[in-house]
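See below for the structure under consideration.
Laboratory data are not the source of any read-out in this text; all were calculated from the coordinates shown. Computed from a predicted model, the values in this text were never measured in an experiment. Here the Cβ positions follow ideal geometry from the backbone for every residue, glycine too, while neighbour counts run over all protein chains shown.
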Amino acid sequence: MARREGRHFIGCEINTNTYKEHAPLVKAIPFVVKTEHEKPSTKPKNAGKKITEKTAKKIIARYDELHKTLSKKASMEILEKEFERGHFSLVNLLKKNLR
């Protein structure tokens, strides 16, 4: 949480006296929206969302179309971008629907 808020991490303390001593120091650290060391999220937009039957059919049809002329890897990279889904969710969907 400290890193997300642009703060330097100091630690956790269960000793009440030590906490009381350090809490004002932590609160005095200026707020920074984002540090230069933080990386943007690489999580796809639709990660974790249920794939509907309609979308599953579109993914399968699009994969079949792409894989006619492209490698499996290239086809999967395109699907990941087009459907904003993670690699393994697409792999699992395609494995389940092998004909």
Those residues of the range 71-92 that are exposed (fewer than 15 other Cβ atoms within 10 Å of the Cβ) and in contact (Cβ under 8 Å) with a residue 24 or more places away in the chain come to a total of 1
Among residues belonging to the range 54-70 that are among the aliphatic types (A, V, I, L, M) and without any contact (Cβ under 8 Å) to a residue 24 or more places away in the chain, point out the one that is farthest from Leu94 (Cα to Cα). Leu70
Select from the range 53-73 the residues that are in contact with a helix residue (DSSP H, G or I) (Cβ under 6 Å, 6 or more places away or on another chain) and over 17 Å from Glu84 (Cβ atoms) and list them in ascending order. His67
